[in-house]
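The values are calculated or read from the model by the stated rules, or taken from the named source; none is laboratory data. Values in this document were obtained by computation on a predicted structure and should not be read as measured data. Counting neighbours? That spans all protein chains shown, and the Cβs are built from the backbone with ideal geometry, glycine included.
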Amino acid sequence: MKKIIKRIFQTVVLLICTLYAFLIIYAYTPNETLSLSLLQSDIDQFFQHDNQRVRYRLYSEWNNEKPNLILIHGFGNNLGSWNSLAPKISESYNVYAIDMIGFGLSEKPIHYQYTNINQASIIQSFAEELNMESFIVGGHSLGGAVAMHVAMKNQKTQGLILFNPGIINTGVPEFSKYLNLIFPMSRVSAKQFADRDFRETFLKRSYHDPTMVTDQVMDRVMLGSQTEDYISGMSSMLSKSYDANEADLMDDVKLPTLIVFGIEDKNKSMAEAMRLKNGFRNSRLEIVQNAGHYVHEESPASVSQIIIKSVNFLTSKDE
């Protein structure tokens, strides 16, 4: 009996070691990459923040009479997330969008603290780079939490727009935070995010209408994963665990806050929407029907109308 147990134990250990070896090989198998010159478009622009390259776009013809609006994408995405919405609000706002460090065509350094506060500091550099006297900041999902820090810390910020923000519920499973601390799991996760089929399946679950996840959408989403520094940068980001306490800080935001909420979000409920509404002291909640987590991509027409009619609220003028 003891011999049988010993053999079973040895077999289990061998299987675990084999699996672990396979994960290491998978994690370090090189991905195909392209140079930045082949990935960027003619409308992409760049500036430097902390010696890191940051990509941005201006989606409208600039006009001094219009308020500036800076948009921040969610996790695993890039500024292309705003391609449908931005043109629809360009007559009312000077619309800018950026790639946060670690995403899109911005640099993805290994030795960088990927905290929401650090990501928020990029917006201050950006506003200074373009000599903005004031701006409204908006963010989706993770970008919403980052935008919240901008609203709390940057005196040039006039208003805040949150699109199904990752403030109360980030949508990240708790176990994954700790799993990625184990070698080589953060790199395995980074490789998965670089896999088009995995990302497409993952993304479709976040849309109310999964048929909207077209090849064109996937080409845009996968852009950043083709850069040479993607795997190392994403792995570094995922291997670090940061405590986020944005839900406890909502009352600290004094600026006008517009909450645009796709009610079909599978990970967020009406109860969360109301917590956001009640948590921000000067807020308006707009519920968008037939839209999920990517509310600005699924219902750009409805969302644009909400944002256009809210321009005076967001710039602290009387309506």
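Return the total of residues in region 282-304 being assigned to a helix (DSSP H, G or I) and surrounded by 15 or more Cβ atoms within 10 Å (Cβ to Cβ).
Number satisfying all stated conditions: 8.
Can you find a residue that is under 28 Å from Ala247 (Cβ atoms), among the hydroxyl-bearing types (Ser, Thr, Tyr) and part of a loop (DSSP other than H, G, I, E, B) anywhere in region 73-92?
Looking for residues that are under 28 Å from Ala247 (Cβ atoms), among the hydroxyl-bearing types (Ser, Thr, Tyr) and part of a loop (DSSP other than H, G, I, E, B), one finds none in region 73-92, hence no.
Give region 248-263 a look and list any residue that's surrounded by fewer than 17 Cβ atoms within 10 Å (Cβ to Cβ) and touching a residue at least 12 places away in the same chain (Cβ under 8 Å), or say none.
Residues satisfying the conditions are Leu249, Asp251, Asp252, Lys254.
Just checking, how many residues over region 163-195 are over 12 Å from Ser232 (Cα atoms) and hydroxyl-bearing (Ser, Thr, Tyr)?
Total satisfying the criteria: 3.
Going by the structure shown, is Glu319 modelled with pLDDT under 95 and either part of a helix (DSSP H, G or I) or touching a Lys or Arg at 6+ places or on another chain (Cβ under 9 Å) (or both)?
yes
Write out, first by first residue and then by second, each pair whose Cβ atoms fall under 8 Å of each other, whose residues are 6+ apart or on separate chains, and whose first residue, in region 106-121, is of a type in the set (Asp, Glu) while the second is not in a loop (DSSP other than H, G, I, E, B).
Final answer for the pair search is Glu107/Gln52; Glu107/Arg53; Glu107/Val54; Glu107/Gly233.
It is to be established whether one or more residues within region 158-174 are assigned by TED's automatic domain parsing to the domain that holds Asp229, among the acidic types (Asp, Glu) and in a loop (DSSP other than H, G, I, E, B).
No; the residues of region 158-174 include none that is assigned by TED's automatic domain parsing to the domain that holds Asp229, among the acidic types (Asp, Glu) and in a loop (DSSP other than H, G, I, E, B).
Quick check on this structure: which one of Ala194, Ala127, Ala151, Ala190 is out of contact with any Ser or Thr (no Cβ under 6 Å at 6 or more places or on another chain), in the same structural domain as Glu246 (by TED's automatic domain parsing) and among the aliphatic types (A, V, I, L, M)?
Just one listed residue meets the conditions, Ala127.
Determine if region 161-182 includes at least one residue that is over 29 Å from Met270 (Cα atoms), among the hydrophobic types (A, V, I, L, M, F, W, C) and in contact (Cβ under 8 Å) with a residue 12 or more places away in the chain.
Scanning region 161-182 turns up at least one residue that is over 29 Å from Met270 (Cα atoms), among the hydrophobic types (A, V, I, L, M, F, W, C) and in contact (Cβ under 8 Å) with a residue 12 or more places away in the chain.
Tell me which residues, restricted to region 269-278, are closer than 16 Å to Glu246 by Cα and either assigned to a loop (DSSP other than H, G, I, E, B) or polar (S, T, N, Q) (or both).
Asn278
Working only within region 101-117, note down all residues that are more than 24 Å from Gln40 (Cβ to Cβ) and under 18 Å from the mean Cα position of the chain (by Cα).
Matches in region 101-117: Gln113, Thr115, Asn116, Ile117.
What is the number of the single condition among (1) closer than 26 Å to Ile101 by Cα; (2) in a loop (DSSP other than H, G, I, E, B) that Lys254 does not meet?
Unmet condition: (1).
Condition check: more than 16 Å from Met222 (Cα to Cα), among the β-branched types (Val, Ile, Thr) and in contact (Cβ under 8 Å) with a residue 40 or more places away in the chain. Does Ile43 satisfy that?
no
Can you confirm whether Ser206 is over 23 Å from Tyr28 (Cα atoms), small (Gly, Ala, Ser) and part of a loop (DSSP other than H, G, I, E, B)?
Here the answer is yes, as Ser206 does meet what is asked.
From the list Ile70, Ile43, Ile110, pick out the single residue that is within 21 Å of Asn312 (Cα to Cα) and not polar (S, T, N, Q).
Just one listed residue meets the conditions, Ile70.
Mind checking which residues of region 99-139 are touching a Lys or Arg at 6+ places or on another chain (Cβ under 7 Å) and more than 22 Å from Asn245 (Cα to Cα)?
Asp99, Gly104, Leu105, Ser106, Glu107, Ala127, Met132, Glu133, Ser134, Phe135
Considering only residues that are surrounded by 15 or more Cβ atoms within 10 Å (Cβ to Cβ) and at pLDDT below 90, which ones fall in region 24-64?
Scanning region 24-64 gives a single hit, Ser60.
Going through Arg281, Arg205 one at a time, which residue ends up being under 18 Å from the mean Cα position of the chain (by Cα) and of a type in the set (D, E, K, R)?
The unique qualifying residue is Arg205.
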